[in-house]
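K.L.:
My questions will all concern the structure given below.
The values are calculated or read from the model by the stated rules, or taken from the named source; none is laboratory data. This one's a predicted model, so the numbers in the text were calculated from it and none came from an experiment. Cβ atoms come from the backbone with ideal geometry, glycine included; neighbour counts cover every protein chain shown.
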Amino acid sequence: MSSAATRRQFLEQALATATLLLSGCSDGGADGSEAGPPDALGCPDALAGWQRRENLLFLDEGNLPLEQPYGQGWDKRLLTDLSKLDPDHLLTDNDRFYVRTSYPDRLDPNAPWKISLGGLVRLPQEVTLEELLPQARPLGTHLMECSGNGAGGHFGLLSAATWTGAPVLEVLRRVERLASATRVLISGFDDHSQASMTSVPGASWIFTLDQLAERGAFLATEMNGARLPPDHGYPVRLLVPGWYGCTCIKWVNEIKLVDDSELATAQMKEFAARTHQDGVPELARDYKPALIDQDAMPVRVEQWTLGDRTRYRVAGILWGGERPTDKLVIRFNPQEDYVPVVVCPKQTTNQSWTFWSHVWTPASAGIYRIQLQVDDSTVPKKRLDAGYYIRSVQVAAV
Ligand SMILES: Nc1nc2c(c(=O)[nH]1)N[C@H]1C(S)=C(S)[C@@H](COP(=O)(O)O)O[C@H]1N2
Ligand SMILES: [Mo]
């Protein structure tokens with residue numbers, strides 16, 4: 001039997017045993033045997049009665065500030081503090097939502113906003129903000145992640161909010177498309193007086209009409225029930241559910257119908273590697289969808305004590321991907337086996353992140369590299385396979 005098959009069998013057995021023992025969702029008792037009483041969400045609370053201590057720090061993630069803006073223009077950033085997430089606190093407030101690029105200083109916030117609709121259309125049009133607003137409606141909770149999210153920024157270029165907006169395809173009904181129009185170029189204002197250390201000017205991405213339809217891409221006008229904050233694209237930004245943030249153009253001012261010969265934009269080329277393209281294609285049609293694959297990572301490691309006993313609880317999130325999964329597994333160092341993480345409450349949507357936790361009893365003090373996987377070879381998960389979201393902690397007491 002192949003080692004993959006053995007491992008799968010082991011996991012299935014372990015999962016079945018856990019389910020039998022604990023009848024329902026649980027990641028086991030504090031010492032791996034008792035389930036504990038259910039918490040407010042109906043999930044067994046294995047650490048009921050234990051005392052929560054400090055969280056462990058993640059190692060080697062630099063010291064950039066969390067939830068405090070730094071940098072200017074294209075280089076402005078604000079990192080969301082993911083360690084604050086909880087099952088009943090899964091939305092990111094607008095002032096804590098990650099920022100990548102500030103409100104351009106060359107934009108006049110008082111100038112009337114309009115979006116030009118042109119290119120391969122019978123008669124070009126302009127849509128004013130006033131005309132667009134009545135088409136906007138609540139469109140649910142969606143997560144955004146910068147494709148450049150990484151350990152150097154505590155993985156904080158990742159946030160979730162509820163959004164209000166108008167589907168792009170509905171807005172496009174204002175113009176009659178020519179038969180040759182197959183793709184849509186969406187651009188936003190992108191001019192700052194201060195040059196960037198790293199970014200190329202120009203913010204636009206090209207989508208097929210089908211991609212915009214499948215993803216339900218929309219022009220957002222509100223997040224979390226308030227008008228868009230300036231840094232998040234006020235008055236109008238694009239949101240492409242399930243695609244990386246670099247496709248979610250802010251300060252949208254142009255929508256242009258193009259055909260299959262259209263060249264890739266500077267933005268597409270700049271983000272080709274980070275959106276996992278093969279090289280840097282010249283033509284827009286050679287770009288793969290900038291989809292966020294199934295991902296998972298810890299967001300904090302809590303220490304708990306009861307008398308002289310110590311336990312740890314790893315809390316984390318599961319996001320990206322195209323369909324809910326119940327095959328999340330965790331390991332605490334490359335030499336160890338993966339063990340199942342039972343997600344409770346279950347994952348019901350891929351639009352936003354899902355919270356999970358796992359009680360952990362390390363065998364000894366030391367440094368542990370915490371890695372999540374999804375034990376399902378039919379699920380695309382490039383970054384998980386590459387170990388992109390591994391986070392390390394140092395355990396002093398066991
Ligand atoms: N006009 C414009 N739109 C933009 C960008 C930009 O620099 N200019 N950055 C993109 C990138 S890389 C990301 S990750 C998201 C960030 O959106 P947020 O700052 O609202 O989180 O906006 C995208 N849209
Ligand atoms: Mo980004």
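K.L.:
Can you tell me which residue within the range 144-172, out of those that are farther than 20 Å from Ile249 by Cα and surrounded by fewer than 17 Cβ atoms within 10 Å (Cβ to Cβ), is nearest to ligand 2 (Cβ to nearest atom)?
P.N.:
Gly150
K.L.:
Same structure, new question: Does Glu130 qualify as being touching a strand residue (DSSP E or B) at 6+ places or on another chain (Cβ under 9 Å) and away from ligand 2 (no atom under 16 Å from the Cβ)?
P.N.:
Considered against the rule, which asks whether it is touching a strand residue (DSSP E or B) at 6+ places or on another chain (Cβ under 9 Å) and away from ligand 2 (no atom under 16 Å from the Cβ), Glu130 comes out as no.
K.L.:
What strands (runs of 3 or more DSSP E), lying completely within the range 109-205, carry at least 1 residues that are more than 26 Å from the chain's Cα centre (by Cα) and within 23 Å of Lys269 (Cα to Cα)?
P.N.:
114-119
K.L.:
Separate question: So how many residues does the range 287-327 have that are over 30 Å from Arg183 (Cβ atoms), under 17 Å from the mean Cα position of the chain (by Cα) and of a type in the set (A, V, I, L, M, F, W, C)?
P.N.:
6
K.L.:
Of everything in the range 256-274 that's within 28 Å of the chain's Cα centre (by Cα) and within 23 Å of Lys114 (Cβ to Cβ), which residue is nearest to ligand 1 (Cβ to nearest atom)?
P.N.:
The qualifying residue nearest to ligand 1 (Cβ to nearest atom) is Gln267.
K.L.:
Something else: Do you know which residues across the range 186-214 are within 15 Å of Val171 (Cβ to Cβ) and in contact (Cβ under 8 Å) with a residue 60 or more places away in the chain?
P.N.:
Matches in the range 186-214: Ile186, Ser187, Gly188.
K.L.:
Here's another thing I want to ask about it. Go through the range 364-390 residue by residue and tally those that are on the phi > 0 side of the Ramachandran plot and in a strand (DSSP E or B).
P.N.:
Count: 1.
K.L.:
Condition check: more than 17 Å from Gly233 (Cβ to Cβ) and either in contact with a strand residue (DSSP E or B) (Cβ under 7 Å, 6 or more places away or on another chain) or within 15 Å of ligand 2 (Cβ to nearest atom) (or both). Does Val175 satisfy that?
P.N.:
Considered against the rule, which asks whether it is more than 17 Å from Gly233 (Cβ to Cβ) and either in contact with a strand residue (DSSP E or B) (Cβ under 7 Å, 6 or more places away or on another chain) or within 15 Å of ligand 2 (Cβ to nearest atom) (or both), Val175 comes out as yes.
K.L.:
Go through (1) touching a residue at least 60 places away in the same chain (Cβ under 8 Å); (2) of a type in the set (Phe, Trp, Tyr); (3) within 13 Å of ligand 2 (Cβ to nearest atom) and name the single condition Trp243 misses.
P.N.:
Of everything listed in (1) touching a residue at least 60 places away in the same chain (Cβ under 8 Å); (2) of a type in the set (Phe, Trp, Tyr); (3) within 13 Å of ligand 2 (Cβ to nearest atom), Trp243 misses just condition (1).
K.L.:
What's the total number of residues in the range 251-267 that are within 24 Å of Gly165 (Cα to Cα) and either in contact with a helix residue (DSSP H, G or I) (Cβ under 9 Å, 6 or more places away or on another chain) or not basic (Lys, Arg) (or both)?
P.N.:
Going through the range 251-267 one residue at a time, the tally reaches 8.
K.L.:
Same structure again: Filter the range 56-106 down to the residues that are within 16 Å of ligand 2 (Cβ to nearest atom) and part of a helix (DSSP H, G or I), then identify the one that is nearest to Arg391 (Cα to Cα).
P.N.:
Asp75
K.L.:
While we're looking at this one, here's another question. For the range 319-334, does any single residue satisfy the condition of being hydroxyl-bearing (Ser, Thr, Tyr), touching a helix residue (DSSP H, G or I) at 6+ places or on another chain (Cβ under 8 Å), under 23 Å from Pro87 (Cβ atoms) and in a loop (DSSP other than H, G, I, E, B)?
P.N.:
The answer is no, given that none of the residues of the range 319-334 is hydroxyl-bearing (Ser, Thr, Tyr), touching a helix residue (DSSP H, G or I) at 6+ places or on another chain (Cβ under 8 Å), under 23 Å from Pro87 (Cβ atoms) and in a loop (DSSP other than H, G, I, E, B).
K.L.:
Okay, moving on. Of all residues in the range 245-282, which are part of a loop (DSSP other than H, G, I, E, B) and crowded, with 23+ Cβ neighbours inside 10 Å?
P.N.:
Residues satisfying the conditions are Cys248, Ile249, Lys250, Trp251, Phe271.
K.L.:
Against the condition away from ligand 1 (no atom under 16 Å from the Cβ), charged (D, E, K, R) and at pLDDT 95 or above, how does Glu222 come out, does it pass?
P.N.:
Answer is no for this residue.
K.L.:
Right, Ile206: among the hydrophobic types (A, V, I, L, M, F, W, C), away from ligand 2 (no atom under 16 Å from the Cβ) and surrounded by 19 or more Cβ atoms within 10 Å (Cβ to Cβ) or not?
P.N.:
yes
K.L.:
Being crowded, with 19+ Cβ neighbours inside 10 Å, under 30 Å from Val395 (Cβ atoms) and within 16 Å of ligand 1 (Cβ to nearest atom), is that true of even one residue in the range 98-111?
P.N.:
Yes, the range 98-111 has at least one match.
K.L.:
Quick one: is Thr128 within 21 Å of Ala217 (Cβ to Cβ) and away from ligand 1 (no atom under 16 Å from the Cβ)?
P.N.:
Criteria met by Thr128.
K.L.:
Quick one: Arg383 ticks every box in (1) without any contact (Cβ under 8 Å) to a residue 40 or more places away in the chain; (2) closer than 28 Å to Cys246 by Cα; (3) within 19 Å of the chain's Cα centre (by Cα) except a single one, so which number is it?
P.N.:
(1)
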